[in-house]
Structures are given as structure tokens and as C-alpha cells.
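Before any comments, here is the structure.
The values are calculated or read from the model by the stated rules, or taken from the named source; none is laboratory data. Note that the structure is predicted; figures quoted are calculated from it, not measured. Glycine also receives a Cβ, built like all others from the backbone with ideal geometry; neighbour counts cover every protein chain displayed.
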Amino acid sequence: MFCPNCGIKNKVEQNYCRGCGLKLDAIVEAVAGQFPSKEFAALQRRRERFETLGLASLSIAGIIGFALLMLKAIEYKMILFGPEILIGSAIAALIAFLLLSIFFFNYPKFFLKGRSRPIDEDPSTAPVTAKLIEDRPSDYVSSVTEETTRTLKTPH
């Protein structure tokens, strides 16, 4: 079930939303007739489990294929250049990947500021964008720019 306030996926058994803390009891009761049957829910969980296992086995097959390709490349490199160049290239690759990991870990800190709120930030201080049905419409408030044309200077 998705929270109507923040959209985070929650389990039906939860009393409060994991993201924004909204009390979900009344919402669960209101939509109880719309939940799938237990058989359908079990089938969905089983399907998701099999998709996860399929993705894991495909990833492992890709890793094995990549390892075989790298093994063949190492074999040819040893035939052409000898074992000394192999150690040097391994050290160079290690240094390059360490520098890349430092870059990737620090990139969000320096270049993605202000685009999303941190995970540990208190959700009660986050701006609420979705409103519940119980909220009443507010009275009309004039725009800040509505009366500003009077202050413009006109050419004589």
C-alpha cells in the first residue's frame, strides 16, 4: 500500500507511514475492499521472488562471462609482454579504480546540493506536497505581483 501523503510503499500491517508518519489505520479500513485476494498477493510475491532470482542469476552469468574474457586477455598479455607487465597493469588498474571510487562517492556531496532531502532528515520538517481529503480549501490570497504595475515608471 502506498501512503496517500508522501507516496512511500508501506506494508498493510503498519500503523504509521515509514516516510511521513501519517496514521494509516483509517486509510487501511477505507481501502480494505480494494486489496487483492490472499492468493493473488501470494502469486505476486512469488513472481517478484522469481524475477529477483532471475536477475541475480543473470548478473552472476555476466560476472562469470566477464571473468572469462578477462582471463583470456590476461593470458594473451602474458604471452605478448611477459609477467612483469601484468603486475604493473594490475597496480595501475587498482589505483585508477580507487580514484574513480573516491570521485563517485564525493560527486553527490559537491555537485548535487539542494536537489533532494537527505534520508535521515526529519520528515515532519519536509514540505508537504500532498494534502488529505479532510483539508478544507483555503481563502483566496492575492498574488504578490498583482498590484505591482502601479509602481512601474511610464515614459513621458
- Query: Is there a residue being in contact (Cβ under 8 Å) with a residue 40 or more places away in the chain and in a loop (DSSP other than H, G, I, E, B) anywhere in the stretch 12-20?
  - Reply: yes
- Restricting the stretch 70-118 to residues that are small (G, A, S) and within 24 Å of the chain's Cα centre (by Cα), the residue that is modelled with the highest pLDDT: S101
- Task: Taking the options S59, S138, S143, name whichever one is within 30 Å of K23 (Cα to Cα) and either at pLDDT 60 or above or among the polar types (S, T, N, Q) (or both).
- Result: S138
- Message: Out of G65, G33, I need the residue that is loosely packed, with under 10 Cβ neighbours inside 10 Å, part of a helix (DSSP H, G or I) and of a type in the set (G, A, S). Which one?
- Response: G33
- Based on what the data block shows, is A42 surrounded by 10 or more Cβ atoms within 10 Å (Cβ to Cβ) and farther than 21 Å from E13 by Cα? no
